[in-house]
Amino acid sequence: MKRGIVWFRNDLRITDNEALSRAAEKCDEILPVYIFDNTYLKTERYGSIKFGARRIQFILQSLNDLRSSLGRLGAGFRVEVGKAHEVLEQIAETFEATEIFAQKEAMKEELEQQELVSGLTNCSTHFFHGHSLYHPDDIPFDIQSVPDIFSNFRKKCEKMAEVRPIFGIPQSLKSPEGYGNETPSLQELGFEKKPIHQKAAIHFKGGEREARKRLEHYFWSTENLSTYKYTRNGLLGIDYSSKFSAWLSAGCISPRMIFSEVKNYEKSIKKNSSTYWLLFELIWRDYFRYVGMKYGNELFYPGGIRNEKPFHKTDQRKLHAWKDGETGIPFIDANMKELNQTGFMSNRGRQNVASYLVKDLKQDWRFGAAYFEQELIDYDVTSNWGNWAYVAGVGNDPRENRYFNIISQASRYDEKGEYVKHWLPLLEGIPKEQIHKPWELSGGQKSKYGLHGTVYAKPVFFNSKW
Ligand SMILES: Cc1cc2nc3c(=O)[nH]c(=O)nc-3n(C[C@H](O)[C@H](O)[C@H](O)COP(=O)(O)OP(=O)(O)OC[C@H]3O[C@@H](n4cnc5c(N)ncnc54)[C@H](O)[C@@H]3O)c2cc1C
């Protein structure tokens, strides 16, 4: 009798899950487990904690969905809190398992876990790449020569690499009698429930089934995929972009599954620049992962992978104004309110608030990246830190000193001020020509947004270029 542990990490799905499929092939009984590693659960850095309650809630929902999928196939499921290698060692001992199967991760903390698990003497370990669209063995570069410019990476991959077919769902699974436990609650994990505002663009719900529903909606019911390229810079509503990010981040859906559905869509509905563009964005996601694998911890350095001289200070007043959405710049504040109240922000919003923090407020970019890590439901280590470094000018942007002029960005992408009014309702009634300007309080009062009726915050910074 061969027993193998399937250690679920950021791959909370049963479809296209190589670790699960290989374990099912090789073992008579499997022991699926997810571990909240308490080494990292409450880690704090740059004034923010690693996990926010909304992301934990999303993971818990995903785990419950996974539990029921595994149950349907005949397997039990455990969700544990502890140090990954200790929990795995104990399960192996109790159930006499001799193998561990898991997804390979790319960055420091996950690699540290992996190393400790690989060092276990009572089990052999098998790690599989499942995060990216292109498998690392198929890209036309070894990791150390991944180009520092995205388009050089993309063009060669598109020409020379094939996306692998997906792994199907195992037909049936078996676990030892009585294997399983209950998923802990949010409170048991030490978090307070954080609601999602009713005005949110999307009320993310975790799980593979929810990911499928979203794909079904975005591709097949509405055919929004056909216009994605032209709507993706939107700010308001659920359908301007795919909103796949949170499910991709927890691994409820794989990029290869999306790829294969895009190909089906292109065959049966339409193939155009929009259907291509969704894949283009998934290649961006891959790219940041490969950059993370190439540079490791340098991705988190103040001078980033370019080893730029850090020039930023930290001013708590400015940082807090930015985090709270009280800078006095309506477009920035609306985006930060959306993040704080929903756990999501559009790509256009993310680029602008990141640029404003670094290039206008001149704050250390890592404080912004860490705050996103805390607040985003779709937080993904390499997509987040890679994009932040890019905007901060210490990453992979080939253009020197790219600068987002917040006022012109706001006027272009929120021409009528609808987005700003959605999140800052006190600006209702303000003429659209004025709405994207920074707001000054009369008489230089130091009032914050909302405290004095119709007035708005005094800008913490005013850029004379605007
Ligand atoms: C400062 C900053 C921080 C970011 N942090 C994260 C993060 O923590 N997690 C995250 O998933 N994305 C992050 N992004 C990328 C992007 O903003 C989000 O993936 C996107 O807004 C999610 O919405 P969507 O799924 O509707 O995207 P869509 O436009 O529908 O794109 C489809 C998918 O492509 C991928 N993608 C799109 N744009 C990017 C990009 N620029 N970089 C990497 N992947 C991309 C995502 O997986 C996304 O789900 C960040 C961008 C910036 C500028």
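No lab work stands behind these numbers, since they all come straight from the coordinates. This is a predicted model, so every value here is computed, not measured. A quick note on method: Cβ atoms are made from the backbone with ideal geometry, for glycine too, and the neighbour counts reach across all protein chains shown.
Structural remarks
- FRET efficiency for the pair ASP239 and GLU86, taken as 1/(1 + (r/R0)^6) with r the Cβ-Cβ distance and R0 = 56 Å, rounds to 0.80.
- Cα-based shape type of the stretch 281-352, given that a ≥ b ≥ c are square roots of the gyration tensor eigenvalues and the cut on a/c is 1.5: oblate
- At an R0 of 51 angstrom, the distance between the Cβ atoms of THR125 and ASP315 translates into a FRET efficiency of 0.65.
- Ellipticity estimate at 222 nm from DSSP helix runs (n ≥ 4, -39,500 (n - 2.57)) divided over the chain, nearest 500: -12500 deg cm²/dmol
- Here the stretch 117-196 is treated as a sphere whose radius is the Kirkwood value from Cα pairs; by Stokes-Einstein at 37 °C and 0.692 mPa s it diffuses with a coefficient of 182 µm²/s.
- Point-charge dipole on Cβ atoms (K/R +1, D/E -1) for the stretch 3-130, about Cα centre, debye to 20: 560
- For the listed residue pairs LYS26/LYS159; LYS104/LYS294; LYS337/LYS359; LYS323/LYS421, the alpha carbons are over 24 angstrom apart in LYS26/LYS159.
- Label point distance in nm, GLN144-LEU111, each placed 7 Å from Cα along Cα→Cβ: 1.3
- Summed side-chain charge close to ILE377 - residues other than ILE377 whose Cβ falls under 15 Å, Lys, Arg +1, Asp, Glu -1: +3
- Cα-only Debye scattering, the stretch 85-221: base-10 log of I(q)/I(0) at q = 0.21 Å⁻¹: -1.30
- Take every DSSP beta bridge whose two residues both sit in the chain; close to 10 percent of them are antiparallel.
- Assigned charges on the beta-carbon of Lys, Arg, Asp, Glu; the stretch 306-444 dipole about Cα centre (debye): 420
- Overall form of the chain per C-alpha gyration tensor (a/c, 1.5; a/b vs b/c): prolate
- One quarter of the convex hull surface built on the alpha carbon atoms of the stretch 238-387 amounts to 9.9 nm², the projected area averaged over directions.
- For the stretch 3-130, alpha-carbon Rg over 2.2 N^0.38 Å: 1.03
- Cβ-Cβ distance of GLU93 and TYR403, R₀ of 45 Å, FRET efficiency by 1/(1 + (r/R0)^6): the value works out to about 0.20.
- Based on every Cα atom in the stretch 155-255, Rg and the maximum pairwise Cα distance Dmax equal 18.4, 53 Å.
- The stretch 139-277 - charge dipole about Cα centre, Lys and Arg +1 at Cβ, Asp and Glu -1, debye rounded to 20: 560
- Anisotropy class of the stretch 1-72 from Cα gyration tensor, a/c 1.5 cut: prolate
- Computed on the Cα atoms alone, the convex hull of the stretch 199-302 gives a volume of 128 cubic angstrom per residue.
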